[in-house]
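The block underneath contains the structure these notes are about, expressed in structure tokens.
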Amino acid sequence: MAKHHIETTVNGDEIEFLCETEETLLDVLRDTLHLTGSKEGCASGDCGACSVMLDGRLVCSCLVLGCEVGGRRVETIEGMAKGEKLHPLQQRFLEHAALQCGICTPGFLVASKALLERTPDPTEHEIRYWLAGNLCRCTGYDKIVSAVMDAAVTMRKG
Amino acid sequence: MAETMANGQSQTYVGTRTIRPDGVDKVTGRARFGADFNLPGQLIGRVLRSPHPHARILSIDTAKAEALPGVKAVITRDDFADQSSEFIPAGEMMMNYKDVVRNVMAREKALYEGHAVAAVAATSVAIARRALKLIDVKYEVLPHVIDVVEAMRPDAPLLHDDLFTAGVEPKPEQPSNIAKRVEIVLGDVEAGFQKADVIVEREFKTAPVHQGYIEPHAALASVSEDGATELWCSTQGHFIVRAHCARLLGLDIGRIRVTASEIGGGFGGKTVVYLEPLAIALSRKAKRPVKMVMSREEVFKASGPTSGATVRVKMGATKEGKFVAGFAELKYQAGAFQGSPVQPGVMCAYAPYDIENVKVIGYDVVSNRPKVAAYRAPGAPISEFAVESVVDEIAKKLDIDPIDLRMQNAAREGTKAAYGPKLGPIGMEETLNAIKKTEHWNAPLRKWQGRGVASGFWFNIGGETSASLTVNEDGTVSLMAGTPDIGGLRASLAMVAADELGVPYDKVRPIIGDTGSLGFNFLTGGSRSAFSGSMAIVEAAKQIKTELCARACKLWDLKPDQVEFAGGQVKALGAAAEKVKPMSIADFAKVAGKTGGPIGGYGRINAQGAGPSLGTHLVDLEVDPETGRVTILKYTVAQDAGRAIHPSYVEGQFQGGAVQGIGWALNEEYIYGADGKLQNAGFLDYRMPVASDVPMIDAILVEVANPKHPYGVRGVGETPIVPPLGAIANAMEAATGIRFTELPMSPPKVLKALKERGLNKV
Amino acid sequence: MRYEAPESLEGAVALLAGATGEARVLAGGTDLLVQMRADIVDPELIVDIKKIAETRAVTEEQGGWRIGAAVTGAELKEHARLKQAWPGVVEAANLIGSTQVQGRATLGGNLCNGSPAADSVPALIAAGAVATLAGPQGKRDLPVEDVMLGPRKLALRKGEILVSFLLPPRPPRSSDAYLRFIPRTEMDIAVVGAGVSVTIDGAGTITAARVSLGAVAARVLLVPEAARAIVGSRLDAAAQQRLETAARAACQPIDDKRGTTEFRIDVAGVLTRRAALIALDRARAN
């Protein structure tokens, strides 16, 4: 059967692509659109490394079919920095050494941004539970949580 | 920024918290990891894996798969020449090529569920998947054995009929699953027990656990018609990958160029080859690039976890608390091929302590599980968990504070370690003191809460290392290292280079070079990369400084003793200082062409003198007596870093290792069914700690300088996973009064133990 | 593999009824996509029901609440009035997977995945929720406890889809709660789940109750014996004990990688008691 022709918006750009039914949004992002910042750690929704925003909702792109995103709004890690300016979360992750190997980092950043957009002043508890779907094996989460709290302070100041 | 002195050099950057140079790429999604590389015309490679834990492979018919349109190559055991039996170093462990060739592709038998049996390269994922279903493998299913104790029985299913236990005299006449017996002895352990007022003996059991890196193994190979081979892969050691692939595929080392991608975690698990030789073999056959990426299920089923084990510990102490004898017997699972980390387990068991009489025996045992790979301080967490549990029990029996008891028996400078050497300055006492000084140590606890302490030891290693520094035309510096950067290596090396050369940190740009760009490098493992790499950088910088001084002498017509390099400049000394203006590195760069050509240094060393790193961990936890659930409330790590080049990344090592240890202690395990198949090959049921499972991990940097390193550095990466198992078991005892001897201390086990004692009520 | 996203119930039913091979409904996809990837299912047709208005709405109906089968956990969490009326149902739905999974996972999918460990199902059963199905023969209603017959086995007929759930009106002094046991704090499948809904009179005596248990049998159980054990009581110590005993007696669990039979039975009693106490506290506040 013919591939699906999908028109959508990715990081504000209008995009067209072709995909098979069984291809996930993650497959499309990585293999078709060459946006490899979203990572595949498990392909089962258990690690969060493929986190993206879909119409303003945080989702695992490995659990969305490519053909579902027609006419919708996809935001990935590649769209997080604006021009030369890093997002405050990106900046704080660097300053707090909140990454070691870095494979989980895009997913954590996308998920953290979604949190701070809804909850500008989260507690440590809220951060930890919101990010429970993002696995990190290197850091023990300590510096990630600190970076998110610090970024929240920055963002509240505007 | 505060300046400190070390190595006769003022330090602006070492010891500070710089921004890592590879950081921006990693927070923007730009960094390229193993699966992020692609080449024009690439094929997708997939592996057919054994569904049986133990089976003879009678035949493999690939004809139908090869005939499927879109399939460009199929490989099996026939594509790999057999290898002779020869042991080679792999991380801190040894491996045998005869086994390696069989592990990457099953030959006579499939020895574990998930063992590779064939591989295909096709034009799409869908075609590759279909092709795998068309390969017809005839198996003769054999009885399997999973448990280490069962595998040691004389009537156990035998994995290798040519495996005779090494290390016993006389050599056994019958093959068995016991590959090796090792032993270390110090003093006379029996005489030691005679002097003991208290003796505690216990048996412990630990489950195999996986390294759990978030990035699955990935490789992209391209072999041209003339045999030139390029490989991009996620590995802890691309020079090692090159060596293994050359050997397994009969290629000259110089024909293979391996580029290490950014690596998404390894923890020891990416020190061996799995996909890499298959991708090259497929590409060689198809004459097109072949990309292979493991699924998470494949990672669990076919890449190395670490050993599960049983350990018996017997310790004796006088009533004053002096340890007088330590005995242990360790039985470690190796997986399907010999080579468990039992040797380092044996050597580390009593290493934190000064004990006159020690005897530790270890067995390396094969069973129908994936071959183990190194995992952060391989072998040590298991044996030290058992010893630290018994130390705690002795403290309780003698009514001595557990920190004081450890302090009284701590290994220190001059202690003769049971594993051989006389120890240099090490930080055991300092970490104990640091923990005792914390508020945490004296914080109040409630009912069902408990506090536990444990220490841990790891050797650390040095080894062969090459690194270069190049001064560019504008005075900026390019740094090239050859050990993959897994957690901040480039930052650390750039800081050392900046301080050595007296240039700003942001003028040093570090990269990880490919195997064609530098001399041999041993892998990133053994906590060696920052230790050895910084020594190689110091050497390279020294060459540059010597060269610049020589050029200054020519330019200024001075003698070598009339100039010096200091503060990033070459200056004339004495009277000459009045006449010539000091020249900075940038000044030399401008006139490089006229003064002798390009400026650079190249450190090629075999780093020695890696000092052990000792750590002590403190944990508070709470047990829900009605469900057996354990909550970690508070956690503090104190560890000797020698000298922390980048304190944040050193703390990160402490915190990450502690949380991996928490997972090992409480929930992580390989769960097998009676059918010998792994039941939890995914992140859903292989339960690694998530963010909400753990508290903040307080990290205390203890710095007892390593005299063998120019900056005093010790490796720090591995020790942090050693103490958590014992610390948590000790805290469990404090909370419940029950000594747990089996890991993981998962809720069903904890509740059962509480129920048996009638304690399962609030 | 065909993908269709009809905008009407009739369209979806016609597609499913007319399918020649295996057909699957796609709502949140958090189970379906995982099963496709693992080669457990290989459907010929996927029918995405998210464009059908009835599956996506939360509306008040006859004093109760109608929740579309394809409403996500994240959407339920943001529905303040629903949460006020049925906190147990919403908290159960919100326990399914991570924040990311909450952005996709639906109540309908959680039930139709056919797992006895589904978190929202015991809460829905305790709530007395009724499932509305649409099929070639029209619509019909089925109590939620009758929808799942066993692991991966549903009472849905060919061509039928789950459209919505109807939660009954919440009487005064009434509330619900759901608790589950998992080894970690998040991200695991329930080892035991317990949903309890209670109504009390002005004196604090329980006048009505429903108790449901998950992951302790081949299907999610409605346990009337457990409800009877506390009706007429104020959930004093003796009633709590009776409740625990009745809950445990209903369990017929298996030993597996997530827990032992003994563990599940023990913890089922504990969680049922704890959930009942929470529901009671909430009822008192209503």
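The values are calculated or read from the model by the stated rules, or taken from the named source; none is laboratory data. As the structure is a computational prediction, the values presented were derived from the model and not from experiment. Ideal geometry is used to build each Cβ from the backbone, glycine not excepted, and the neighbour counts take in all protein chains shown.
Could you list all residues from the stretch A:108-158 that are of a type in the set (Gly, Ala, Ser), in contact with a helix residue (DSSP H, G or I) (Cβ under 6 Å, 6 or more places away or on another chain) and more than 14 Å from chain C (Cβ to nearest Cβ)?
A:Gly140, A:Ala147, A:Ala151, A:Ala152
If I filter the stretch C:98-121 down to residues being within 14 Å of another protein chain (Cβ to nearest Cβ) and out of contact with any helix residue (DSSP H, G or I) (no Cβ under 7 Å at 6 or more places or on another chain), which single residue comes out as nearest to C:Gly73 (Cα to Cα)?
C:Thr106
Considering the stretch B:555-587 alone, what residues qualify as being surrounded by 18 or more Cβ atoms within 10 Å (Cβ to Cβ) and touching a Ser or Thr at 6+ places or on another chain (Cβ under 7 Å)?
If the condition is that a residue be surrounded by 18 or more Cβ atoms within 10 Å (Cβ to Cβ) and touching a Ser or Thr at 6+ places or on another chain (Cβ under 7 Å), then B:Gly568, B:Gln569 are the ones that fit.
Given the options A:Gly83, A:Gly66, A:Gly71, name the one that is more than 11 Å from chain B (Cβ to nearest Cβ), over 12 Å from the mean Cα position of the chain (by Cα) and closer than 30 Å to B:Thr16 by Cβ.
Criteria check complete, one pass: A:Gly83.
Is it the case, given these coordinates, that C:Gly88 is assigned by TED's automatic domain parsing to the domain that holds C:Glu160, touching a strand residue (DSSP E or B) at 6+ places or on another chain (Cβ under 7 Å) and at positive phi?
No: the conditions fail for C:Gly88.
Check A:Ile103 against each of (1) more than 14 Å from chain C (Cβ to nearest Cβ); (2) surrounded by fewer than 24 Cβ atoms within 10 Å (Cβ to Cβ); (3) under 13 Å from the mean Cα position of the chain (by Cα); (4) not charged (D, E, K, R) and name the one condition it does not meet.
A:Ile103 satisfies all of (1) more than 14 Å from chain C (Cβ to nearest Cβ); (2) surrounded by fewer than 24 Cβ atoms within 10 Å (Cβ to Cβ); (3) under 13 Å from the mean Cα position of the chain (by Cα); (4) not charged (D, E, K, R) except (2).
Which of the following residues is of a type in the set (Val, Ile, Thr) and farther than 27 Å from B:Gly593 by Cβ: B:Thr546, B:Thr524?
Residue meeting the stated conditions: B:Thr524.
Looking for whichever is among the charged types (D, E, K, R), out of contact with any helix residue (DSSP H, G or I) (no Cβ under 6 Å at 6 or more places or on another chain) and either in contact (Cβ under 8 Å) with a residue 40 or more places away in the chain or not in a strand (DSSP E or B) (or both) here; the options are B:Glu329, B:Glu298. Which one fits?
The conditions single out B:Glu298.
Scan B:Glu626, B:Glu651 and give me the residue that is within 10 Å of another protein chain (Cβ to nearest Cβ), acidic (Asp, Glu) and within 18 Å of B:Glu718 (Cβ to Cβ).
So the residue among B:Glu626, B:Glu651 that is within 10 Å of another protein chain (Cβ to nearest Cβ), acidic (Asp, Glu) and within 18 Å of B:Glu718 (Cβ to Cβ) is B:Glu651.
Which numbered condition trips up B:Glu626, out of (1) more than 37 Å from the chain's Cα centre (by Cα); (2) not assigned by TED's automatic domain parsing to the domain that holds B:Pro689?
Every listed condition holds for B:Glu626 apart from (2).
If B:Ala196 passes every condition in (1) surrounded by fewer than 24 Cβ atoms within 10 Å (Cβ to Cβ); (2) under 19 Å from the mean Cα position of the chain (by Cα); (3) of a type in the set (Gly, Ala, Ser) but one, which one does it miss?
(2)
Filter the stretch B:672-694 for residues that are β-branched (Val, Ile, Thr) and touching a residue at least 24 places away in the same chain (Cβ under 8 Å) and give the result.
B:Val694
Go through (1) in contact with a strand residue (DSSP E or B) (Cβ under 6 Å, 6 or more places away or on another chain); (2) surrounded by fewer than 23 Cβ atoms within 10 Å (Cβ to Cβ) for B:Lys749 and report which single condition fails.
(1)
Name the helices (runs of 4 or more DSSP H) wholly inside the stretch B:378-443 in which the number of residues that are closer than 20 Å to B:Glu718 by Cα and without any contact (Cβ under 8 Å) to a residue 12 or more places away in the chain is 1 or more.
none
Determine which single condition C:Leu162 fails, assuming it passes every other condition in (1) surrounded by fewer than 24 Cβ atoms within 10 Å (Cβ to Cβ); (2) in the same structural domain as C:Val144 (by TED's automatic domain parsing).
(1) is the only condition that C:Leu162 fails.
Would you please list the contacts, defined by Cβ atoms under 8 Å and residues six or more apart or on different chains, that run from a residue in the stretch C:247-261 that is closer than 19 Å to C:Leu179 by Cα and not assigned by TED's automatic domain parsing to the domain that holds C:Ala126 to a residue that is part of a helix (DSSP H, G or I) and polar (S, T, N, Q)?
Sorted first by the residue in the stretch C:247-261, then by its partner, the pairs are C:Ala247/C:Thr272; C:Pro253/C:Thr261.
Of all residues being at the interface with chain A (Cβ under 9 Å from one of its Cβ atoms) and over 19 Å from the mean Cα position of the chain (by Cα) in the stretch C:26-41, which is surrounded by the fewest Cβ atoms within 10 Å (Cβ to Cβ)? Just the residue, please.
The selected residue is C:Ala38.
Could you check how many residues of the stretch B:234-255 are among the small types (Gly, Ala, Ser) and either under 19 Å from B:Gly45 (Cβ atoms) or in a loop (DSSP other than H, G, I, E, B) (or both)?
Summing the residues that are among the small types (Gly, Ala, Ser) and either under 19 Å from B:Gly45 (Cβ atoms) or in a loop (DSSP other than H, G, I, E, B) (or both) in the stretch B:234-255 gives 3.
Can you find a residue in the stretch B:307-330 that is outside the structural domain of B:Leu43 (by TED's automatic domain parsing), within 30 Å of A:Gly48 (Cα to Cα), crowded, with 24+ Cβ neighbours inside 10 Å and within 20 Å of the chain's Cα centre (by Cα)?
For the stretch B:307-330, residues outside the structural domain of B:Leu43 (by TED's automatic domain parsing), within 30 Å of A:Gly48 (Cα to Cα), crowded, with 24+ Cβ neighbours inside 10 Å and within 20 Å of the chain's Cα centre (by Cα): present.
Taking the residues in the stretch B:26-47 that are more than 8 Å from chain A (Cβ to nearest Cβ) and not in a loop (DSSP other than H, G, I, E, B) as candidates, determine which candidate is surrounded by the fewest Cβ atoms within 10 Å (Cβ to Cβ).
Here the residue is B:Ile44.
Looking at (1) in a helix (DSSP H, G or I); (2) closer than 30 Å to B:Ala417 by Cβ; (3) over 24 Å from the mean Cα position of the chain (by Cα); (4) of a type in the set (A, V, I, L, M), which is the only condition B:Ala279 fails?
The single condition B:Ala279 does not satisfy is (2).
So which of B:Val258, B:Val324, B:Val272, B:Val311 ends up being away from chain A (no Cβ under 14 Å), modelled with pLDDT under 95 and either part of a strand (DSSP E or B) or in contact with a strand residue (DSSP E or B) (Cβ under 7 Å, 6 or more places away or on another chain) (or both)?
B:Val272
Between a residue in the stretch B:650-663 that is over 13 Å from B:Gly212 (Cα atoms) and not assigned by TED's automatic domain parsing to the domain that holds B:Phe267 and any residue that is in a helix (DSSP H, G or I) and of a type in the set (Asp, Glu), which pairs come within a Cβ distance under 7 Å, given they are 6 or more apart or on different chains?
Sorted first by the residue in the stretch B:650-663, then by its partner, the pairs are B:Gln655/A:Asp142.
Rundown of residues vs (1) assigned by TED's automatic domain parsing to the domain that holds C:Ser115; (2) within 17 Å of the chain's Cα centre (by Cα); (3) outside any helix (DSSP H, G or I), yes/no style:
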{"residue": "C:Arg210", "(1), (2), (3)": "no, yes, yes"}
{"residue": "C:Arg228", "(1), (2), (3)": "no, no, no"}
{"residue": "C:Gly269", "(1), (2), (3)": "no, no, no"}
{"residue": "C:Ala279", "(1), (2), (3)": "no, yes, no"}
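Can you name the residue in the stretch B:63-80 that is within 22 Å of B:Lys109 (Cβ to Cβ) and in contact with a helix residue (DSSP H, G or I) (Cβ under 8 Å, 6 or more places away or on another chain) and is also surrounded by the most Cβ atoms within 10 Å (Cβ to Cβ) among such residues?
B:Val74
Could you check, for the stretch B:630-643, whether at least one of its residues is basic (Lys, Arg), in a helix (DSSP H, G or I) and farther than 29 Å from B:Leu489 by Cβ?
no
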